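Coordinate-derived values only; no laboratory data. Model, not experiment: these values are computed from the prediction. Backbone-built Cβ (ideal geometry, glycine too); neighbour counts: all protein chains shown.
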Amino acid sequence: MSAPPPSKRPERNKLELELELELELELELELELELELELELELELELELELELELELELELELELELELELELELELELELELELELELELELELELELELE
């Protein structure tokens, strides 16, 4: 087999170069797409982390509210106890008065 005539060789080289360039461009595009996908994944992860943080904050707030409610209940109980003590004192005083009157 003989080499192609010199007039066709440059055309073939030109076509080969164009094909190589196209392949390189396609590879570059693929790489860019991969990078974009990676960035999107990173963004999604960041969003997930933000959501987790928000949930943690919400939980903390709920805990704080629960603690506040507990404190309020404790205060109410203390008030009730004070009232009971006052009633007991009143009763004692009444009894003392009755005894004195007899």
The range 34-73 - Debye-derived log10 I(q)/I(0), Cα point model, q = 0.15, 0.19, 0.28, 0.31 Å⁻¹: -0.51, -0.62, -0.83, -0.89
Dipole-positive endmost among LEU49, LEU25, LEU95 within the chain (Cβ charges, Cα centre): LEU25
For the chain, calculated [θ]222 nm from helices alone, where every DSSP H run of n ≥ 4 adds -39500 (n - 2.57): -35000 deg cm²/dmol
Against the rule of thumb 2.2 N^0.38 Å, how large the Cα Rg of the chain comes out: 3.42
